[in-house]
Structures are given as C-alpha cells and as structure tokens.
Amino acid sequence: MIDIVFLLLIFFLVTYQITEQEKDTRVSVPSSTEGAESTRVANEIVVNVTKEGEITISGEPYTLDELRIKMKRIVEASEIANTGGADRQPVRIRCDADGNNQTLIEVMDEIQKAGIYNIGFATRAPR
C-alpha cells in the first residue's frame, strides 16, 4: 500500500505544473472564432513552441528528442500509477501564431511517438 502511495505521489509531482510557468510570454497563440473554451485538467502538460521554434515546458527548453523522452517517462509513470496511461494523458500545445508549421508538426509527431494522442491546441478569442 505504501508503494502505491509513493508511486502516486511521484506521478503527481512529475505531472504537476504551475499555470503561470506554463505560459511562455514569447508565445502569441493564434485566434479562433470557433474554438471552445476547455476546462483545464490537473495533469495537463503544456508545451510551448516559440516563433523561433524553441520548445519549452515550464520554462525549460527541450530538443525534439528530449521532448519525446520526457513524454515517454510521463506515460510510463501514468501506467505505473494506473491512471489511464497514454490515452488519458492530455497535452496542450501553445504554438506561436507566426511560428513555423513544420516545427508544430514535428512536436506533434514526437508526442505521438511517445504514445500520447490526447493533444489539444491553445487559441485565443479574436480581438
């Protein structure tokens, strides 16, 4: 029983992120009139992609390979904690509106290679 509690604790520590750290101020997400406002989930991972193609999570820069490794570790921790695994792990991509689409596709590919398919995109209401 103690092992399960420690595994859950580790899982929540790994996946817990502070909202303000998730928002990279260098990323200006695109606007959308049709986007629905979704509620945030406690274990949602926010991946920021700047205009220059820099990938960050909670302010830490990642290469594509490092991103895939981090996502795989999160999936493994989720499966160990028995919280639904990859099909339940939400990831939100905050990509700059003026960024390169190729970088966005590469980020999506790496997340999917790690086994996560619950991917959403951050948008904002038009001004």
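Of note:
- Gained length - Ala97 relative to Ser58, 0.36 nm times residue gap less alpha-carbon distance: 12.1 nm
- With a Förster radius of 41 Å applied to the C-beta separation of Ile105 and Phe12, the computed FRET efficiency comes to 0.85.
A short reminder: the numbers here are calculations on the coordinates, not readings from a lab. Only a predicted model underlies this, so the values are computations on that prediction, with no experimental measurement involved. Positions of Cβ are generated from backbone atoms using ideal geometry, with glycine treated the same way; all protein chains shown enter the neighbour counts.
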